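Each remark here refers to the structure printed beneath this line.
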């Protein structure tokens with residue numbers, strides 16, 4: 001058996017091939033998000049579009065609507081909140097604990113064609129749903145010269 005010194009610059013699949021800088025960054029940020037010491041709560045976000053609206057959904061199980069803040073500034077939509085850990089009996093021993101707790105912030109940049117006065121937000125069954133109305137399309141009009 002050969003002992004080889006660990007080198008993070010080398011790929012584990014192909015030890016003779018150097019890894020790209022992008023792969024190193026991906027590994028670093030994936031380790032930060034998934035490590036037990038940095039257990040971050042990052043709710044899932046879905047964004048879709050129809051002809052008239054943008055639809056945004058954020059999975060927030062275990063939260064109440066009072067735990068959620070929504071802010072829109074210069075087309076940047078920011079959703080913040082906190083999922084608080086329930087205090088358990090000190091005698092409880094967990095065998096598996098995958099639930100994430102803590103504060104979170106998700107931000108997305110909305111396009112120019114939104115109507116900022118017509119945003120509907122509702123919270124149903126642990127899902128925050130936002131409907132952002134699009135502005136009516138500007139119709140280009142041909143002007144005849146007389």
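Couple of notes before you dig in:
- Odd one out for residue 78, checked against (1) within 17 Å of residue 45 (Cα to Cα); (2) surrounded by 14 or more Cβ atoms within 10 Å (Cβ to Cβ); (3) touching a strand residue (DSSP E or B) at 6+ places or on another chain (Cβ under 6 Å): (2)
- Of the numbered criteria (1) loosely packed, with under 10 Cβ neighbours inside 10 Å; (2) not in a strand (DSSP E or B), the one residue 100 fails is (1).
- Residues of the range 103-131 that are assigned to a loop (DSSP other than H, G, I, E, B) and surrounded by 10 or more Cβ atoms within 10 Å (Cβ to Cβ): 110, 111, 113, 126.
- The combined condition, being touching a residue at least 12 places away in the same chain (Cβ under 8 Å) and under 20 Å from residue 134 (Cα atoms), is fulfilled by residue 118.
- Meets criteria (over 19 Å from the mean Cα position of the chain (by Cα), exposed (fewer than 11 other Cβ atoms within 10 Å of the Cβ) and in a strand (DSSP E or B)) for residue 66: no
We did not get these values from a lab; they are worked out from the coordinates using the rules stated. Everything numeric here is computed off the predicted structure, so don't read it as measured data. Cβ atoms come from the backbone with ideal geometry, glycine included; neighbour counts cover every protein chain shown.
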